[in-house]
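**Student:** Below are the structure tokens for one structure; questions will follow.
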Amino acid sequence: MLKNDELGIQAYRELRKLIINGILAPGQKIIQEKLAAKLGISRTPLRVALHMLEAENLIEPKNKTGFKVKEIDNKEILEIFDCRIALESTAAGLLAKRINGKEAEKLKSFFLPFENEGLQKGSESYKKADTQFHNFIVEKCGNRYIDKLFKQGNLITYIERIGLIRPPEATLQDHIDIINAIINNDSEEAEKAMKVHLTRSKEIIEEKLINEPVQ
């Protein structure tokens, strides 16, 4: 049983990567026999993995025994951004009040390569830095309940799945403004800069939602 659980966790990690990277596309049916063969495991640990993915809201039931990759529509993305704005803006303001030297250096390091080398490193590297940056601010803000709500809502997972709403060249300065406010211990400006950053992306989704054809 322990072996199946361990294999299930390994399978979960592999399948999660496939979903986050879009290799298993939104709406795609999970064909368990093929996945089990591909991963070299039996159906038992695969079911462990699938239940973990379902709990994380990455897949959803398709019929009585099957699953499909969960689709995220623009309305749901707006709701996610409302949560992010509330939690991350507060977290940025709190972090600005308590950040230490080591944390400040780490915060600056996320986007330093893109400042020094421009944006030639590619969007995938930038996307990874973006995810780590936002997660770091929440983790280090000093409020356990904000961190807990962020994790329980799987917001970091949604950040990874949704990807970059705006191109790196449109958000690099936003990130620099947030970092400068936090390391300068300007709590009010840090909260404002984070809110502006996230709201700009939310507005793009709102525009898409308005222009979507009525079903």
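**Student:** Please work out the FRET efficiency for the pair Lys97 and Glu71, using the Cβ-Cβ distance as r and a Förster radius of 41 Å; give the result to the nearest 0.05.
**Tutor:** With R0 = 41 Å, the Cβ-Cβ based efficiency is 0.55.
**Student:** Where only protein heavy atoms count, and the probe is 1.4 Å, what is the accessible area per residue for the chain in Å²?
**Tutor:** 56
**Student:** Calculated from DSSP H runs of 4 or more alone, at -39500 (n - 2.57) each and per residue, what is the 222 nm mean residue ellipticity of the chain, nearest 500?
**Tutor:** Only helices count here, giving -23500 deg cm²/dmol.
**Student:** So, with +1 on the Cβ of K and R and -1 on the Cβ of D and E, and no other charges, what is the size of the charge dipole of the stretch 51-102 about its Cα centre, to the nearest 20 debye?
**Tutor:** Dipole of the stretch 51-102, to the nearest 20 debye: 280 debye.
**Student:** Same structure, new question: Using 0.36 nm per residue, how much length does the chain from Ser125 to Glu207 gain when fully extended, once their Cα-Cα distance is taken away?
**Tutor:** Between Ser125 and Glu207, full extension yields an extra 26.8 nm.
**Student:** Counting pairs of alpha carbon atoms under 8 Å apart in space and at least six apart in sequence, what relative contact order in percent does the chain give? Walk me through the numbers before you get to the answer.
**Tutor:** Working: 229 pairs, mean separation 53.1, N = 215.
The value is 25 percent.
**Student:** If you don't mind, there's one more thing I want to ask. Report in % the part of the accessible area of the chain that belongs to carbon and sulfur, leaving out ligands and nucleic acids; probe 1.4 Å.
**Tutor:** Numbers: 5990 of 12110 Å².
On the chain, the fraction of accessible area on carbon and sulfur atoms equals 49 percent.
**Student:** When the chain is treated as a GNM, springs tying every alpha-carbon pair under 10 Å, which of Thr90, Thr157, Thr65 comes out with the largest mean-square fluctuation?
**Tutor:** So, out of Thr90, Thr157, Thr65, the one fluctuating most is Thr65.
**Student:** Normalise the Debye intensity by I(0) for the stretch 51-120, one equal point scatterer per Cα, no solvent, then take log10 at q = 0.12 Å⁻¹ and round to two decimals.
**Tutor:** Evaluating at q = 0.12 Å⁻¹ gives log10 I(q)/I(0) of -0.65.
**Student:** Compute the projected area of the convex hull of the Cα atoms of the stretch 112-153, averaged over all viewing directions, and report it in nm² to one decimal place.
**Tutor:** 3.4
**Student:** Any idea which of Tyr158, Asn185, Ala86 is furthest toward the positive side of the dipole for the chain, if Lys and Arg beta-carbons carry +1 and Asp and Glu beta-carbons -1?
**Tutor:** Of Tyr158, Asn185, Ala86, it is Tyr158.
**Student:** Okay, next question. Working out 0.36 nm times the residue gap between Asp82 and Gln132, then minus their Cα-Cα distance, what length gain in nm do you get to one decimal?
**Tutor:** This chain segment gains 16.0 nm when fully extended.
**Student:** Okay, next question. Which of Gly27, Gly101, Gly142 ends up with the largest GNM mean-square fluctuation for the chain, with Cα atoms connected below 10 Å?
**Tutor:** With Cα springs under 10 Å in the chain, the top fluctuation among Gly27, Gly101, Gly142 is at Gly101.
**Student:** Further, regarding this structure: Mind checking the stretch 1-89 for GluC sites (Glu not before Pro) that DSSP puts in a loop (not H, G, I, E or B) and that have at most 13 other Cβ atoms within 10 Å? Don't skip to the answer; put the middle values down first.
**Tutor:** Numbers: sites: Glu6, Glu14, Glu33, Glu54, Glu56, Glu71, Glu76, Glu79, Glu88; in loops: Glu56, Glu71.
Sparse-neighbourhood loop GluC sites (Glu not before Pro): Glu71.
**Student:** Rounded to two decimals, what is the ratio between the C-alpha radius of gyration of the stretch 82-125 and 2.2 N^0.38 Å?
**Tutor:** 1.47
**Student:** Tell me, what is the FRET efficiency for Glu169 and Ile20 to the nearest 0.05, using R0 = 30 angstrom and their Cβ-Cβ distance as r?
**Tutor:** Working: r = 23 Å, r/R0 = 0.78.
Given R0 = 30 Å and the Cβ-Cβ separation, E is 0.80.
**Student:** Would you mind calculating the gained length between Lys106 and Glu56 on full extension (0.36 nm times residue separation, minus the Cα-Cα distance), in nm to one decimal?
**Tutor:** 15.2 nm
**Student:** Further question: Between Ile156 and Lys38, take the C-beta separation as r, use R0 = 22 Å, and let me know the FRET efficiency to the nearest 0.05. Spell out each step's value before the answer.
**Tutor:** On the way: r = 26 Å, r/R0 = 1.20.
Once the sixth-power term is evaluated, E becomes 0.25.
**Student:** Shape call for the stretch 150-193 from the C-alpha gyration tensor, a ≥ b ≥ c root eigenvalues: rounded (a/c under 1.5), prolate (a/b greater than b/c) or oblate?
**Tutor:** Verdict is oblate for the stretch 150-193.
**Student:** Same structure again: At q = 0.10 Å⁻¹, what log₁₀ I(q)/I(0) does a Debye calculation on the Cα points of the stretch 88-190 give, no solvent, two decimals?
**Tutor:** These q points yield log10 I(q)/I(0) values of -0.26.
**Student:** From the gyration tensor of the Cα coordinates in the chain, what semi-axes in whole Å does the equivalent ellipsoid have, largest first, with each one equal to sqrt(5λ)? Write out the running numbers ahead of the final one.
**Tutor:** On the way: eigenvalues 229, 84, 55 Å².
Taking √(5λ) for each eigenvalue gives 34, 20, 17 Å, largest first.
The values are calculated or read from the model by the stated rules, or taken from the named source; none is laboratory data. Note that the coordinates shown come from a computational prediction; the quantities given were computed from them, not determined experimentally. Ideal geometry is used to build each Cβ from the backbone, glycine not excepted, and the neighbour counts take in all protein chains shown. Please note that ligands, DNA and RNA were not included when accessible areas were found on the heavy atoms of the full protein model with its side chains. Shrake-Rupley method; radii C 1.70, N 1.55, O 1.52, S 1.80 Å.
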